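Dropping the structure in here first, questions after.
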Amino acid sequence: MELRHLRYFAAVSQYLNYSETSRRLHVAQPAISQTILDLEDELDVKLFLRTKRSVQLTAAGTAFLREAEEILRRANEAQKLAQRAARGEVGTLGIGFFGTAFAPILPSLVHAYRRKFSDVELRLFELNPDQQLAAFDEGRIDLGFTRRLPSDRRAEFAEEVVYTDQLAVALHAAHALAKQKVIRLKSLAGEPFVQFHRKGAPGLFDEVIAVCRRAGFCPRIIHEPNLMATAMTLVESGLGVSLIPRCVRTLNRPQAVIRQIAPKSAPIPLCVIWRKSAHNPALAAFLDILRAAMPGIRSQMET
């Protein structure tokens, strides 16, 4: 039994006329008649009472019609659902991000995506870069907002730069240098530093050391918190200064100021990554929205 059998049967039941059914379906009448006979043979019941003048459903045909129409309805729904899934209009999309760098831009992206794809279930996870790689391996996320990939994982992933950040210095608002718009790094040589720990962002930590060395000194690091927010709390407490990505300014700490540094640090690319082997259409749709938003994101985050 195929869906074709059910469609022909439902149409004959509707029109109760083989000629009219043939005309409506654009199928030769003998083909329709043979299909109904085949269906009756398979079911081992008579579905229609036929005379030269009329066609009527039997009791078996009436009972079978209800089920056939439900099957056809479900098949049509399944077809539409599969087509919507292929266009990325339904399904699930897991997104990993780390807050300080992507919290300022993620809400507007999610709003734009949900306006177009409200039936896709979004799952957002705040994860550091290492945790995101583990989440990819576990199949929990399809896309990650993160830093540059480590060299040993680049073959597995596609990567695009969303925006480029740079280091700045966070000082207590009452610090002697707080009123300067640009602070020369060598003027901080005698200061205690509080720096986000190297394990959480080795590339970022190494650039802090490198930019200080280019300025002629090695920073005296007295605290290495594992949260950027904690580093800012220590700065507000007057326990030291901190070289941080400029995106941290979105934390809006009232007792701290963030200033540009000279010389400038190396650029800090912030990226979106996904597996090259991914086949989730919802992912492709989200990437389209992200790419359209990138000029605005760069204007917002790089100025």
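Going residue by residue through the range 30-45, is there one that turns out to be open to solvent by less than 50 Å² (accessible area, probe 1.4 Å), part of a helix (DSSP H, G or I) and among the acidic types (Asp, Glu)? Before the answer, list the steps.
Taking the range 30-45 first, the residues open to solvent by less than 50 Å² (accessible area, probe 1.4 Å) are 31-33, 35-36, 39-40.
Next cut, part of a helix (DSSP H, G or I) only: 31-33, 35-36, 39-40.
Remaining after also requiring among the acidic types (Asp, Glu): 40.
Checked the range 30-45: at least one residue is open to solvent by less than 50 Å² (accessible area, probe 1.4 Å), part of a helix (DSSP H, G or I) and among the acidic types (Asp, Glu).
Which numbered condition in (1) within 29 Å of the chain's Cα centre (by Cα); (2) open to solvent by 70 Å² or more (accessible area, probe 1.4 Å) is the only one that Leu283 fails?
Failing condition for Leu283: (2).
What's the number of the only condition in (1) within 19 Å of Lys181 (Cα to Cα); (2) open to solvent by 40 Å² or more (accessible area, probe 1.4 Å) that Asp288 fails to meet?
That leaves (1) as the condition not met.
While we're looking at this one, here's another question. Suppose we keep only residues that are in contact with a Leu (Cβ under 7 Å, 6 or more places away or on another chain) and assigned to a helix (DSSP H, G or I) within the range 182-210. Which one would you say is most open to solvent (accessible area, probe 1.4 Å)?
Ser187
Filtering the range 228-247 down to residues that are among the β-branched types (Val, Ile, Thr) and in contact with a Phe, Trp or Tyr (Cβ under 9 Å, 6 or more places away or on another chain), which residue is farthest from Thr100 (Cα to Cα)? Walk me through how you get there before you give the answer.
Of all residues in the range 228-247, those among the β-branched types (Val, Ile, Thr) come to 230, 233, 235, 241, 244.
Narrowing further to those that are in contact with a Phe, Trp or Tyr (Cβ under 9 Å, 6 or more places away or on another chain): 230, 241, 244.
Numbers: Thr230: 12, Val241: 18, Ile244: 10 Å.
Result: Val241.
May I pose another question? If you scan the range 105-114, which residues turn out to be in contact (Cβ under 8 Å) with a residue 40 or more places away in the chain and surrounded by 16 or more Cβ atoms within 10 Å (Cβ to Cβ)?
To start, the set of residues in the range 105-114 that are in contact (Cβ under 8 Å) with a residue 40 or more places away in the chain comprises 105, 108-109, 112-113.
Result: Ile105, Leu109, Tyr113.
Okay, moving on. On the given criteria, is Glu89 surrounded by 12 or more Cβ atoms within 10 Å (Cβ to Cβ) and assigned to a helix (DSSP H, G or I)? Give the steps one after another, and end with the answer.
Working: surrounded by 12 or more Cβ atoms within 10 Å (Cβ to Cβ): yes; assigned to a helix (DSSP H, G or I): no.
Spelling it out, it is not the case that Glu89 is surrounded by 12 or more Cβ atoms within 10 Å (Cβ to Cβ) and assigned to a helix (DSSP H, G or I).
Out of Arg74, Arg4, Arg24, report the one residue that is of a type in the set (Lys, Arg), assigned to a helix (DSSP H, G or I) and free of Cβ contacts under 8 Å to residues at least 12 places away in the same chain.
Numbers: Arg4 fails: free of Cβ contacts under 8 Å to residues at least 12 places away in the same chain; Arg24 fails: free of Cβ contacts under 8 Å to residues at least 12 places away in the same chain.
Of the residues listed, the single one that is of a type in the set (Lys, Arg), assigned to a helix (DSSP H, G or I) and free of Cβ contacts under 8 Å to residues at least 12 places away in the same chain is Arg74.
For the range 181-209, give me the residue count where each residue is under 22 Å from Thr100 (Cα atoms), at pLDDT 95 or above and of a type in the set (Gly, Ala, Ser).
0
Also: Give me the pairs: first residue in the range 34-56 and touching a residue at least 24 places away in the same chain (Cβ under 8 Å), second residue small (Gly, Ala, Ser) and open to solvent by less than 50 Å² (accessible area, probe 1.4 Å), beta-carbon distance under 7 Å, and six or more apart or on different chains, which are they?
Once the first residue is touching a residue at least 24 places away in the same chain (Cβ under 8 Å) and sits in the range 34-56, its partners that are small (Gly, Ala, Ser) and open to solvent by less than 50 Å² (accessible area, probe 1.4 Å) give Leu47/Ala60; Leu47/Gly61; Phe48/Gly61.
Every residue, every condition in (1) of a type in the set (Val, Ile, Thr); (2) surrounded by 13 or more Cβ atoms within 10 Å (Cβ to Cβ); (3) within 13 Å of the chain's Cα centre (by Cα); (4) within 16 Å of Ala282 (Cβ to Cβ), yes or no:
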residue: Lys116; (1), (2), (3), (4): no, yes, no, yes
residue: Val120; (1), (2), (3), (4): yes, yes, yes, yes
residue: Glu138; (1), (2), (3), (4): no, no, no, no
residue: Leu143; (1), (2), (3), (4): no, yes, yes, yes
residue: Thr146; (1), (2), (3), (4): yes, yes, yes, no
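Another question, if that's okay. So Phe125 fits all but one of (1) over 16 Å from Arg291 (Cα atoms); (2) open to solvent by 30 Å² or more (accessible area, probe 1.4 Å); (3) modelled with pLDDT under 95; (4) under 14 Å from the mean Cα position of the chain (by Cα); what number is the exception?
Failing condition for Phe125: (3).
As an exercise: evaluate Phe97 against (1) open to solvent by 60 Å² or more (accessible area, probe 1.4 Å); (2) closer than 30 Å to Thr250 by Cβ; (3) of a type outside the set (D, E, K, R) and give the number of the one condition it does not meet.
All conditions are met except number (1).
Evaluate the following for Ala82: is it out of contact with any strand residue (DSSP E or B) (no Cβ under 8 Å at 6 or more places or on another chain), under 19 Å from Cys271 (Cβ atoms) and either exposed (fewer than 15 other Cβ atoms within 10 Å of the Cβ) or of a type outside the set (Ser, Thr, Tyr) (or both)? Step through it out loud before you land on a result.
Numbers: out of contact with any strand residue (DSSP E or B) (no Cβ under 8 Å at 6 or more places or on another chain): yes; under 19 Å from Cys271 (Cβ atoms): no; either exposed (fewer than 15 other Cβ atoms within 10 Å of the Cβ) or of a type outside the set (Ser, Thr, Tyr) (or both): yes.
Criteria not met by Ala82.
The values are calculated or read from the model by the stated rules, or taken from the named source; none is laboratory data. Source: prediction; values computed, not measured. For neighbour counting, all protein chains shown are included, and Cβ atoms are generated from backbone atoms with ideal geometry for every residue, glycine included. These accessible areas exclude ligands, DNA and RNA; they are computed on the full protein's heavy atoms, side chains included. Shrake-Rupley method; radii C 1.70, N 1.55, O 1.52, S 1.80 Å.
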